[in-house]
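**Q** Before I ask anything, here is the structure I am working with.
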Amino acid sequence: MLGRCLTLLAAGHQTWRRSLQVRIVTITLVASSLLVGGFSYLVATKITNILQENARTDVRQRLESGRDYTAKQMAVYSRPLEAGLQDTMVGTVDYLAGGDPQQISGVVVQLRADRSGGVIESRASPNVNVDLLLTPQLRESVSGGNVASQIRSGDLGNGRAKYLVYGSPVPTRMGQLELYYFVPLSRQDVTASEARSAVLAMGVALVLLLGLLAALVTRLVVRPVRVAARTAQRLSAGLLDQRMAVSGEDDLALLGASFNQMATNLQRQILRLEEMSRLQRRFTSDVSHELRTPLTTVRMAADLIFAERDEFDPAVARSAELLQAELDRFEELLTDLLEISRFDAGFAMLDAEPTDLVPVVNRVVQRLTALAERIGTSLEVEIPDGPVIAEVDPRRVERILRNLVGNAVEHGEGRPVQVRLACADKAVAVTVRDHGVGLKPGEEKLVFNRFWRADPSRARQTGGSGLGLSISVEDARLHGGWLEAWGAPGQGAQFRLTLPARAGDRLTASPLRLVPADAAPPFAGQRAGEPAALTESPTATDPKAVAP
């Protein structure tokens with residue numbers, strides 16, 4: 001039962017958050033209920049007070065008339081023990097209770113003399129016990145010479161009812177008598193109850209009518225908004241021909257027409273950008289292919305000149321060396337441009353096969369050892385003792401690692417570069433750590449942009465096209481993996497490549513931490529000496545995300 005209630009509450013909360021119409025109708029119902037309820041209470045209270053006041057006015061008139069009549073009847077008696085006094089009192093209360101043709105049905109009249117010491121007996125008509133309805137306060141007030149009243153509930157023979165009790169002193173020659181009227185308020189209560197029921201029924205009907213009106217009005221406004229939201233979702237999904245149906249000339253029709261105009265302009269601009277992008281990709285691909293032929297010819301001539309440079313003048317020999325180096329860089333740039341064009345066109349294919357990553361890492365390190373020694377940087381490798389098997393494209397993984405290690409050597413300021421390989425049940429990871437100038441805040445995302453350089457004035461040691469990390473990110477994404485960066489000024493940088501152990505699996509965590517253990521606070525991800533635990537990435541969909 002509790003679970004069902006919680007489910008209903010959760011569904012209601014979700015509906016409240018998602019539906020503007022539900023919120024408006026609910027607020028309208030609550031506000032109108034409070035307003036109508038307060039108004040109904042005031043009206044019902046006013047009707048009840050009017051009925052009671054009318055009853056009081058009627059009883060006061062009857063009381064004044066009865067007091068005068070009683071005083072005339074008792075004027076002939078001067079002593080309590082005179083003969084005929086009791087009979088006169090009985091006749092008086094009988095007349096006051098039933099002699100008036102406009103009497104209120106069920107009225108009880110009592111005449112009593114409390115100060116006679118019991119010599120004069122109290123008389124009531126009809127003959128019922130009314131002492132339970134006479135409170136000491138009322139009797140004390142009347143005996144003191146005042147006209148007093150109270151509303152009391154009791155049973156005087158016709159069932160329990162509410163009575164309006166009025167009392168008045170009657171001065172006589174033999175002392176003061178007290179005259180009491182007991183008027184039932186049953187008819188007033190019934191009338192007040194019927195009035196309250198009528199006001200309540202009208203209030204409920206009014207609240208429901210207001211709720212229905214709010215729902216209809218809100219629907220007129222919300223429906224076009226919902227249609228616009230669905231159309232916007234279809235537009236965002238690539239269905240650029242979707243439009244809203246427009247009818248009428250009101251503000252909502254103006255909204256729909258403006259939305260359609262915006263969608264048309266947006267479609268035109270998107271198609272234009274797509275065409276420009278297609279032409280740009282085609283131009284890049286065509287230029288890259290067309291440059292292959294003259295580059296091959298120039299390469300052959302340059303190789304011939306470079307091979308004979310020892311026989312040339314020193315200046316010409318140096319020019320031959322520079323020509324050879326720039327041709328190497330130009331060829332690398334063309335290769336990277338072709339690769340980028342394949343990624344942009346969506347033609348890049350993954351040739352995944354079970355591969356031991358340990359030889360791949362060692363091969364990359366061995367190829368870059370000579371460059372590292374020339375710069376004065378040592379390469380430190382930490383790999384598992386056994387094989388690390390993963391379903392990857394070895395050519396692409398080797399290219400990623402070559403770019404990462406080459407960049408670390410380039411920016412390592414001659415300090416050691418650590419390459420670390422680790423594996424888990426569902427993922428393998430490689431980190432490349434350098435201790436160079438590091439990255440400024442925000443640059444860990446910019447390093448993967450095409451042709452981006454942290455310091456444009458810095459001289460390159462290894463050449464490069466400026467597309468290495470961009471291609472590496474695409475290679476990692478093609479594997480379904482992550483390529484992330486961390487860096488801090490003066491603390492160096494660390495890049496982490498995480499790949500699924502089986503092709504097609506979704507990554508949720510990495511065997512290695514992105515933030516190195518030797519990073520100074522607040523960048524330290526773990527304490528010194530603490531083993532690297534399986535760490536989750538902040539996002540499994542964006543390979544450029546930086547995990548904490």
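The values are calculated or read from the model by the stated rules, or taken from the named source; none is laboratory data. Note that the coordinates shown come from a computational prediction; the quantities given were computed from them, not determined experimentally. Methodologically, a virtual Cβ is constructed for each residue, glycine included, from the backbone with ideal geometry; neighbour enumeration extends over all protein chains shown. Accessible surface is based on the protein model in full, side chains and every heavy atom, while ligands, DNA and RNA are left aside. Shrake-Rupley method; radii C 1.70, N 1.55, O 1.52, S 1.80 Å.
**Q** Can we say SER168 is among the hydroxyl-bearing types (Ser, Thr, Tyr) and at pLDDT below 85?
**A** When the stated conditions are applied, SER168 does not pass them.
**Q** Mind listing whichever residues of the range 216-243 are surrounded by 17 or more Cβ atoms within 10 Å (Cβ to Cβ) and within 19 Å of SER32 (Cβ to Cβ)?
**A** THR218
**Q** Then there's this: Working only within the range 156-193, note down all residues that are in contact with a Pro (Cβ under 9 Å, 6 or more places away or on another chain), open to solvent by less than 10 Å² (accessible area, probe 1.4 Å) and farther than 16 Å from SER125 by Cβ.
**A** Residue satisfying the conditions is LEU164 alone.
**Q** While we're on this one: Determine which member of the set GLN233, GLN242 is at pLDDT 80 or above and either in a helix (DSSP H, G or I) or β-branched (Val, Ile, Thr) (or both).
**A** GLN233
**Q** Let me spell it out: the conditions are (1) open to solvent by 20 Å² or more (accessible area, probe 1.4 Å); (2) hydroxyl-bearing (Ser, Thr, Tyr); (3) at pLDDT 75 or above, and SER470 meets all of them except one. Which number is the exception?
**A** (1)
**Q** Here is a further query. Kindly list, by first and then second residue, each pair from a residue in the range 101-115 that is closer than 17 Å to ASP131 by Cα and open to solvent by 60 Å² or more (accessible area, probe 1.4 Å) to a residue that is of a type in the set (Gly, Ala, Ser) and at pLDDT 75 or above, limited to pairs with Cβ atoms under 6 Å and residues at least 6 apart or on different chains.
**A** Close Cβ pairs satisfying both conditions: ARG115/GLY175.
**Q** Can you find even one residue in the range 243-258 that is among the polar types (S, T, N, Q) and more than 27 Å from ILE471 (Cβ to Cβ)?
**A** yes
**Q** Picking from VAL128, VAL109, which residue would you name as being modelled with pLDDT under 85 and not in a helix (DSSP H, G or I)? Break it down into steps so the answer makes sense when it comes.
**A** Working: VAL109 fails: modelled with pLDDT under 85.
Just one listed residue meets the conditions, VAL128.
**Q** Which one of VAL358, VAL365 is assigned to a helix (DSSP H, G or I) and crowded, with 19+ Cβ neighbours inside 10 Å?
**A** VAL365
**Q** In the range 38-56, how many residues are within 42 Å of the chain's Cα centre (by Cα) and surrounded by 15 or more Cβ atoms within 10 Å (Cβ to Cβ)?
**A** Within the range 38-56, the subset within 42 Å of the chain's Cα centre (by Cα) is 38-43.
Within this subset, residues satisfying the condition of being surrounded by 15 or more Cβ atoms within 10 Å (Cβ to Cβ) are 40, 43.
Of the residues in the range 38-56, 2 are within 42 Å of the chain's Cα centre (by Cα) and surrounded by 15 or more Cβ atoms within 10 Å (Cβ to Cβ).
**Q** Now, a different point. Checking ALA540 against (1) modelled with pLDDT of 55 or more; (2) in a loop (DSSP other than H, G, I, E, B), only one condition comes out false. Which one?
**A** Result: ALA540 passes all but (1).
Residues checked against (1) surrounded by fewer than 18 Cβ atoms within 10 Å (Cβ to Cβ); (2) within 17 Å of HIS411 (Cα to Cα):
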| residue | (1), (2) |
| --- | --- |
| LEU483 | no, no |
| ALA488 | no, yes |
| GLY492 | no, yes |
| PHE495 | no, yes |
| THR498 | no, no |
| ALA501 | no, no |
| GLY504 | yes, no |
| ARG513 | no, no |
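**Q** For the subset of the range 143-155 comprising residues that are under 24 Å from ILE120 (Cβ atoms) and aliphatic (A, V, I, L, M), which member is farthest from the chain's Cα centre (by Cα)?
**A** So the residue we want is VAL147.
Yes or no, residue by residue, for (1) part of a strand (DSSP E or B); (2) without any contact (Cβ under 8 Å) to a residue 24 or more places away in the chain; (3) basic (Lys, Arg):
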{"position": "LEU177", "(1), (2), (3)": "yes, no, no"}
{"position": "TYR180", "(1), (2), (3)": "yes, no, no"}
{"position": "SER193", "(1), (2), (3)": "no, yes, no"}
{"position": "ARG196", "(1), (2), (3)": "no, no, yes"}
{"position": "LEU200", "(1), (2), (3)": "no, no, no"}
{"position": "GLY203", "(1), (2), (3)": "no, no, no"}
{"position": "LEU206", "(1), (2), (3)": "no, no, no"}
{"position": "LEU212", "(1), (2), (3)": "no, yes, no"}
{"position": "LEU216", "(1), (2), (3)": "no, yes, no"}
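**Q** Looking only at the range 406-427, filter to residues that are within 45 Å of the chain's Cα centre (by Cα) and in a helix (DSSP H, G or I); which one of those is farthest from ALA348 (Cα to Cα)?
**A** Taking the candidates together, the pick is ALA408.
**Q** For the range 10-26, give me each residue that is aliphatic (A, V, I, L, M) and open to solvent by 70 Å² or more (accessible area, probe 1.4 Å).
**A** Going through the range 10-26, the residues aliphatic (A, V, I, L, M) turn out to be 10-11, 20, 22, 24-25.
Across the range 10-26, the qualifying residue is only LEU20.
**Q** Can you find a residue in the range 7-25 that is touching a strand residue (DSSP E or B) at 6+ places or on another chain (Cβ under 6 Å), assigned to a helix (DSSP H, G or I) and at negative phi? Spell out how you get there, then give the answer.
**A** Within the range 7-25, the first condition is being touching a strand residue (DSSP E or B) at 6+ places or on another chain (Cβ under 6 Å), and the residues that meet it are none.
Checking the range 7-25: not a single residue is touching a strand residue (DSSP E or B) at 6+ places or on another chain (Cβ under 6 Å), assigned to a helix (DSSP H, G or I) and at negative phi.
**Q** Are any residues in the range 378-388 open to solvent by 40 Å² or more (accessible area, probe 1.4 Å) and not in a strand (DSSP E or B), and if so, which ones?
**A** SER378, ILE383, PRO384, ASP385, PRO387
**Q** Something else about it: Can you tell me which residue in the range 57-93 is surrounded by the most Cβ atoms within 10 Å (Cβ to Cβ), limited to those that are part of a helix (DSSP H, G or I) and among the charged types (D, E, K, R)?
**A** ARG62
**Q** Could you please find all residues in the range 248-262 being at pLDDT 80 or above and surrounded by fewer than 12 Cβ atoms within 10 Å (Cβ to Cβ)?
**A** Passing the criteria: only GLN261.
**Q** I need a count of the residues in the range 398-415 that are touching a His at 6+ places or on another chain (Cβ under 8 Å) and either crowded, with 21+ Cβ neighbours inside 10 Å or under 28 Å from PRO354 (Cα atoms) (or both).
**A** Narrowing the range 398-415 to residues touching a His at 6+ places or on another chain (Cβ under 8 Å): 412-413, 415.
Adding the requirement that they be either crowded, with 21+ Cβ neighbours inside 10 Å or under 28 Å from PRO354 (Cα atoms) (or both) leaves 412.
Matching residues across the range 398-415 total 1.
**Q** Additional query: Can you tell me which condition ILE375 does not meet? The list is (1) within 18 Å of THR498 (Cβ to Cβ); (2) surrounded by 13 or more Cβ atoms within 10 Å (Cβ to Cβ), and all the others hold.
**A** (1)
**Q** Something else now. Which condition breaks for GLU391 when tested against (1) surrounded by 14 or more Cβ atoms within 10 Å (Cβ to Cβ); (2) assigned to a helix (DSSP H, G or I); (3) acidic (Asp, Glu)?
**A** (2)
**Q** Right, another one. Which residues, taken from the range 1-34, are charged (D, E, K, R) and more than 21 Å from ALA214 (Cβ to Cβ)?
**A** If the condition is that a residue be charged (D, E, K, R) and more than 21 Å from ALA214 (Cβ to Cβ), then ARG4 is the only one that fits.
**Q** Return yes or no: is VAL43 of a type outside the set (Gly, Ala, Ser) and either closer than 30 Å to ALA214 by Cβ or without any contact (Cβ under 8 Å) to a residue 24 or more places away in the chain (or both)?
**A** In short, yes.
**Q** Have a look at LEU273, LEU239 and point out the one that is on the phi < 0 side of the Ramachandran plot and over 35 Å from the mean Cα position of the chain (by Cα).
**A** LEU273
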